[in-house]
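Asks: Quick one: the structure is below, questions incoming.
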Amino acid sequence: MKPSGSRPRSSFLGIAALAALILLAGCTALKRYAYEGFGRDDWQEPEQVIEALALRPGDRVADLGSGGGYFTFRLSKAVGPAGKVYAVDVDRDLLEYIAARAKDQGMRNIETVTAKYDDPLLPEAVDLIFTSDVYHHIQDRSKYFAHAGKYLRPAGRVVVIDFHEKGFASMIGHFTPADLAKKEMDEAGYRLEKQFDFLEKQNFLVFAKKTP
């Protein structure tokens, strides 16, 4: 009889194999998995999100909190060779990954930007500041986006896609209620332009600057 609490040898081998895979994958790969999770395409609806943005060839876009580039490369295709996508993040490892991948795929309209926690440090004004699963990480959001407004062109928009207060994300605090995001963006000087409801796990809000 096995002692109480003992595990079969196969379980230990499985754990060891998983640990080895994690070590081989490296830190950057782990960060990408942490950002993107598994099976994200099933609930993120990335193609439908890009379509809803109604981007035009030549547009300038900032992918704020770009992570491993889940949306960066899709945005790049949407704006075309004449457009520009700035992958903006504070994590240099992930930015290096995006830069290397963009180079390998010949996507010359992608440029990485190492941001500050309180400033995206964009090199030019853009047509769209895009965020996905990032808003809840930002400190003092009204102040942040009031400042970020200087990086928007006159007709520029800010997109906030973030987990709502239902499901697993709410259990770990990684969510923002839609009403709270609307209130904070109103305080930052924006008005709600559109709200999409096709995402199962997230709010999808589009803001524009208030007119004087």
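The values are calculated or read from the model by the stated rules, or taken from the named source; none is laboratory data. Bear in mind the structure is a predicted one, so any value in this text is a computation, not a measurement. Backbone-built Cβ (ideal geometry, glycine too); neighbour counts: all protein chains shown.
Conditions tested, residue by residue: (1) free of Cβ contacts under 8 Å to residues at least 60 places away in the same chain; (2) more than 22 Å from Phe196 (Cα to Cα); (3) in the same structural domain as Glu193 (by TED's automatic domain parsing).
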{"position": "Val49", "(1), (2), (3)": "no, no, yes"}
{"position": "Ala52", "(1), (2), (3)": "no, no, yes"}
{"position": "Leu55", "(1), (2), (3)": "no, no, yes"}
{"position": "Ser66", "(1), (2), (3)": "yes, no, yes"}
{"position": "Gly69", "(1), (2), (3)": "yes, yes, yes"}
{"position": "Arg74", "(1), (2), (3)": "yes, no, yes"}
{"position": "Asp89", "(1), (2), (3)": "yes, yes, yes"}
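Asks: Can you tell me which of Ala188, Ala125, Ala155 is assigned by TED's automatic domain parsing to the domain that holds Val49, in contact with a His (Cβ under 9 Å, 6 or more places away or on another chain) and within 19 Å of Lys210 (Cα to Cα)?
Replies: Ala188
Asks: Of the residues Tyr117, Tyr135, only one is of a type in the set (Phe, Trp, Tyr), touching a helix residue (DSSP H, G or I) at 6+ places or on another chain (Cβ under 7 Å) and within 30 Å of Asp179 (Cβ to Cβ); which?
Replies: Only one candidate qualifies: Tyr135.
Asks: Restricting to segment 58-96, name every residue that is aliphatic (A, V, I, L, M), within 16 Å of the chain's Cα centre (by Cα) and not in a helix (DSSP H, G or I).
Replies: Val61, Ala62, Leu64, Val85, Ala87, Val88, Val90
Asks: Among the residues of segment 181-199 satisfying the criterion of being in a loop (DSSP other than H, G, I, E, B) and in contact with a Lys or Arg (Cβ under 9 Å, 6 or more places away or on another chain), which is nearest to Phe145 (Cα to Cα)?
Replies: Per the stated criteria, the residue is Ala188.
Asks: Does Asp93 satisfy the criteria of being in contact with a Cys (Cβ under 9 Å, 6 or more places away or on another chain) and in the same structural domain as Ile138 (by TED's automatic domain parsing)?
Replies: In short, yes.
Asks: How about segment 40-57: which of its residues are assigned to a helix (DSSP H, G or I), at pLDDT below 95 and over 13 Å from the mean Cα position of the chain (by Cα)?
Replies: Asp41, Asp42, Trp43
Asks: So, one more: Filtering segment 97-132 down to residues that are part of a helix (DSSP H, G or I) and free of Cβ contacts under 8 Å to residues at least 24 places away in the same chain, which residue is surrounded by the most Cβ atoms within 10 Å (Cβ to Cβ)?
Replies: Only one residue tops the list, namely Ala99.
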